[in-house]
Amino acid sequence: MKVHFFGAAGEVTGSCFMIEHRATKILIDCGLFQGTELADERSHAPFPFDPTTLAAVVVTHAHIDHCGRVPQLFNRGYRGLVYASEPTGELIKLQWDDMLQIMTGQLTRHGRLMLYEAEDVARAMQAIHGVPYGRVIECTPEVKIILHDAGHILGSSWIEVHAGDRTIVFSGDIGNDNVPIIRETESLVACDLLVTEATYGDRLHVASKNRKEDLRATIIDAIKRGGALMIAAFSLERTQEILYELNTLIEHDRALPHVPIYLDSPLAIAANQLYRRFTNYYDTAAAAMWKRGDDFLDFPGLHVTRSVAESKLINSAPNPKIIIAGSGMLSGGRITHHLMRYLPDPRSTLLLVSYQAEGTLGRKIVERPGSVSINGEQIPVRCEIARIDSYSAHGDQEKLLRWIASGPSRPARAAVVHADPPAAQEFVRLLGTRHHINGEAARSGQIIEV
């Protein structure tokens with residue numbers, strides 16, 4: 001087997017890898033490039049392979065940097081199946097619909113070219129084939145694939161690929177420890193090559209047991225400041241995790257004063273409905289809460305704002321108030337409108353609970369500039385900037401190393417992806433010193449033969 005590295009090699013976004021076994025070609029993920037100034041140009045560029053030659057496409061999970069360009073494959077002639085876990089198969093439909101609306105708006109306002117059209121999204125949705133964890137997918141008589149729970153977001157998978165006597169594993173994104181709702185990552189299998197993410201390969205998270213208390217303390221401080229608290233959260237997983245914690249703090253611990261909380265994300269609101277549908281994917285604690293009638297995605301004081309008109313009404317709501325909106329890296333979505341309004345306000349607070357990739361607005365704000373450009377305007381940054389890194393959906397250095405050691409034997413070889421270069425190089429070093437694994441930081445365009 002050969003593995004071709006087309007994205008997330010030497011960078012964090014644009015996940016895209018191709019397996020080649022004799023005449024069979026299978027694509028693992030086809031994600032959007034994000035963050036850098038060239039990201040949009042790269043996402044529009046022709047694929048470095050012919051989509052019509054693919055036997056199948058497999059999606060690890062529903063984050064846009066892993067699934068965002070799949071409809072583009074259909075725009076370029078692909079007509080095969082798209083395999084994913086059952087929840088992922090439904091969640092990516094929401095992502096593609098959301099992207100289509102965003103691109104249509106950008107075309108109208110700025111004349112920006114669209115990655116794909118509505119008919120491409122329709123074809124991609126019809127091609128989705130949801131598969132339970134553990135079931136063997138026979139892509140061809142020679143190539144078989146199995147999905148395993150990655151513990152990253154609802155329905156996230158790491159991928160086991162068999163061809164002949166060789167096994168390759170693609171990690172997708174490996175989840176953090178002790179994450180609400182989501183089950184723990186399944187143990188690794190024996191493999192000849194592990195293609196592993198290392199987003200946090202050079203660092204450790206703050207102890208996850210302090211997450212809820214850190215959130216409570218940040219909210220209390222923001223309320224005392226008297227302004228708006230903006231929580232920038234990805235619509236899938238992070239928003240649901242925050243809602244879970246708020247439900248506990250408000251309904252069970254009674255640890256927060258009453259202030260209005262606005263969920264201002266149509267995508268997250270739609271995702272919540274799917275979370276309620278796939279309860280069989282919950283961890284033990286979340287499943288028990290659901291069975292006794294506790295909908296942890298809803299609680300007193302939560303206002304859901306689906307329409308633009310409802311969103312605009314948040315502006316006139318008195319402070320203090322809490323606004324949960326996407327995107328988590330501040331690269332788009334309704335959060336940008338709230339940033340323009342509240343970043344200049346010294347009484348307000350911006351809480352970041354996600355990784356901020358290089359080049360994103362979130363990374364720029366973390367670096368504490370005097371002002372940032374949003375929608376063509378220079379906006380002063382005077383509000384409080386708070387971070388809680390333990391909410392990351394990615395496993396840190398130690399979690400990744402434990403997962404890699406969890407199988408019956410160590411991988412014979414490893415290729416490190418989905419990481420900034422310093423993180424990738426440090427994780428390569430740790431694979432050698434801690435696990436005696438021959439690892440390398442994958443490069444874009446590289447081919448590894450197993």
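The values are calculated or read from the model by the stated rules, or taken from the named source; none is laboratory data. Since the model is a prediction, treat every value here as computed from it, not as a measurement. So basically every Cβ, Gly included, is an ideal-geometry build from the backbone, and we count neighbours across all protein chains shown.
I need a count of the residues in region 386-396 that are in contact with a helix residue (DSSP H, G or I) (Cβ under 7 Å, 6 or more places away or on another chain) and part of a helix (DSSP H, G or I).
Going through region 386-396 one residue at a time, the tally reaches 2.
Select the strands (runs of 3 or more DSSP E) contained entirely in region 128-197, then report the ones holding at least 1 residues which are surrounded by 22 or more Cβ atoms within 10 Å (Cβ to Cβ), among the aliphatic types (A, V, I, L, M) and at pLDDT 95 or above. Lay out the reasoning, then the answer.
Working: elements: 128-131, 136-138, 143-149, 157-163, 166-170, 193-197.
Because the criterion is at least 1 residues that are surrounded by 22 or more Cβ atoms within 10 Å (Cβ to Cβ), among the aliphatic types (A, V, I, L, M) and at pLDDT 95 or above, the strands (runs of 3 or more DSSP E) in region 128-197 that meet it are 143-149, 157-163, 166-170, 193-197.
I need the full set of residues from region 107-127 which are of a type in the set (Asp, Glu), surrounded by 13 or more Cβ atoms within 10 Å (Cβ to Cβ) and not in a loop (DSSP other than H, G, I, E, B), in order please. Please lay out each step first, then the result.
First pass over region 107-127, keeping only residues of a type in the set (Asp, Glu): 117, 119-120.
Filter once more, keeping what is surrounded by 13 or more Cβ atoms within 10 Å (Cβ to Cβ): 117, 120.
Within region 107-127, just Asp120 meets the criteria.
Any residue in region 204-216 that is in contact (Cβ under 8 Å) with a residue 40 or more places away in the chain and assigned to a helix (DSSP H, G or I) sitting within a Cβ distance under 6 Å of a residue that is surrounded by 19 or more Cβ atoms within 10 Å (Cβ to Cβ) and β-branched (Val, Ile, Thr)? List the pairs, counting only those 6 or more apart or interchain.
Asp214/Ile388
For (1) farther than 30 Å from Leu229 by Cα; (2) out of contact with any helix residue (DSSP H, G or I) (no Cβ under 8 Å at 6 or more places or on another chain); (3) not assigned by TED's automatic domain parsing to the domain that holds Val179, each residue gets a yes or a no:
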position	(1), (2), (3)
Tyr342	no, yes, yes
Gly362	no, yes, yes
Glu377	no, no, yes
Val416	yes, no, no
Phe427	yes, no, no
Leu431	yes, no, no
Ser444	yes, yes, no
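Which condition number in (1) at pLDDT 95 or above; (2) buried (at least 21 other Cβ atoms within 10 Å of the Cβ) is the one that Ile379 fails?
The single condition Ile379 does not satisfy is (2).
Any chance you could count how many residues in region 285-335 are assigned to a helix (DSSP H, G or I) and either surrounded by fewer than 20 Cβ atoms within 10 Å (Cβ to Cβ) or more than 22 Å from the chain's Cα centre (by Cα) (or both)? Give the steps one after another, and end with the answer.
To start, the set of residues in region 285-335 that are assigned to a helix (DSSP H, G or I) comprises 285-291, 308-316, 335.
Subsequent filtering for residues that are either surrounded by fewer than 20 Cβ atoms within 10 Å (Cβ to Cβ) or more than 22 Å from the chain's Cα centre (by Cα) (or both) retains 285, 287-291, 308-316.
Looking only at that region, the number is 15.
Given the residues Ile231, Ile242, Ile269, Ile220, which is the only one that is crowded, with 19+ Cβ neighbours inside 10 Å, assigned to a helix (DSSP H, G or I) and not assigned by TED's automatic domain parsing to the domain that holds Glu90?
Details: Ile231 fails: assigned to a helix (DSSP H, G or I); Ile269 fails: crowded, with 19+ Cβ neighbours inside 10 Å; Ile220 fails: crowded, with 19+ Cβ neighbours inside 10 Å.
Every option except Ile242 fails the conditions.
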